[in-house]
1. Return a whole-number percent for the relative contact order of the stretch 179-277, with Cα pairs under 8 Å and 6 or more residues apart as the contact set.
2. Could you bin all the Cα-Cα distances of the stretch 87-251 into 5 Å bins starting at 0 and give me the percent of pairs in each, rounded to whole numbers?
3. At 0.36 nm per residue, and after removing the present C-alpha to C-alpha distance, how many nm does the segment from Y23 to K89 gain when stretched out fully?
4. Given charges of +1 on the Cβ of Lys and Arg and -1 on the Cβ of Asp and Glu, with all other atoms neutral, how large is the dipole of the stretch 87-251 about its Cα centre, in debye to the nearest 20?
5. Could you rank the peptides 103-113, 124-134 by their average count of other C-beta atoms within 10 Å per residue, with the highest value first?
6. List the residues, sorted by chain then number, that are 5 or more residues from I182 or on another chain and whose placed amide H is less than 5 Å from its amide H.
7. What's the FRET efficiency of H41 with A2 using the Cβ-Cβ distance as r and R₀ = 25 Å, to the nearest 0.05?
8. At what distance in angstrom do the alpha carbon centres of the stretch 118-170 and the stretch 1-63 lie from each other?
Amino acid sequence: MALRGAVRSFKPDVVHSFSRLNYLLPLLPGRLPKLMSYQRHTGGRQVKLASSLAGPSLGFTGCSEYIAAMGRKSGGTWQAIHNFVEIEKFTFSAVVAPDAPLVFLSRIDSIKGADTAIAIARATGRRLIIAGNHATSGPEANYWREKIDPELGKNDIEWFGEVGDTAKNGLLGGAAALVVPIRWDEPFGIVFAEALACGTPVITCQRGALDEIVTHGQNGFFISTVADGVAAVSRLGEIDRRECRRTAENKFTASVAVSAYLALYRTMIANNQPGSS
């Protein structure tokens with residue numbers, strides 16, 4: 001109801017929501033263009049009903065083609081518009097030291113694969129820095145206590161803790177590679193784009209949206225096993241760090257996302273004018 005009141009007062013050309021689809025319910029039947037954006041797994045009955053009620057006045061975006069394709073199964077018009085990084089916050093590192101560490105930077109849950117990153121680092125004899133927060137209760141806390149914590153401080157496996165923007169920039173920029181061997185279907189995965197913005201190649205698994213970010217052999221490597229990870233580390237010298245940065249600049253900046261959203265707004269507005277088909 002608050003949203004409906006705001007629309008009546010402001011009289012926008014388009015309403016764009018990153019919140020809940022249900023909040024658009026009072027607006028769905030009208031011609032006012034409405035855009036619903038998803039940053040997570042989606043689809044199902046709610047999307048199908050909303051699309052039926054709103055018709056062409058409602059469009060959808062996903063933060064990746066993986067998410068958009070998932071949504072299309074339930075109906076509606078979907079477009080992928082990738083998330084972006086504030087690229088000016090990330091310093092491009094054209095070269096790193098020969099003994100530069102591998103870095104795992106993410107929430108330390110089992111689906112992110114920190115234990116696999118540890119196994120890869122140990123097998124290659126490379127230093128690994130682990131950064132990110134972790135659960136303090138429940139199954140994921142057990143994962144931390146049983147799989148990760150006992151490895152810290154041994155065999156060049158270091159615990160860095162949670163990081164802010166400045167520390168993240170330094171960690172990623174000084175890394176030989178970001179190693180996050182995911183075990184789930186990432187809707188996007190902003191840390192991978194952040195690594196590329198620093199010029200740092202990515203070693204991960206080809207799941208979810210990752211093949212929209214990483215091109216195998218060009219700005220990183222896809223792996224399925226620890227042995228694959230060991231092989232990928234041995235090939236890091238083949239990656240041109242400038243190519244990693246170019247990927248971020250060409251695909252994952254605010255200007256790219258803004259241009260895509262503005263173009264979509266214009267199309268939706270034109271298609272929902274009185275007299276339009």
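1. This gives 26 percent for the stretch 179-277.
2. Going from the shortest bin to the longest, the percentages are 2, 10, 20, 24, 23, 14, 5, 2, 0.
3. 20.4 nm
4. 220 debye
5. In descending order of packing, they fall as 103-113, 124-134.
6. Long-range HN contacts for I182: C205.
7. Given R0 = 25 Å and the Cβ-Cβ separation, E is 0.40.
8. Using only Cα atoms to place each centre, the spacing works out to 40 Å.
Readers should treat all values here as calculations from the given coordinates under stated rules, not as data from a laboratory. These numbers come from a predicted model, not from an experiment. Note that we place each Cβ from the backbone using ideal geometry, even for glycine, and neighbour counts take in every protein chain shown.
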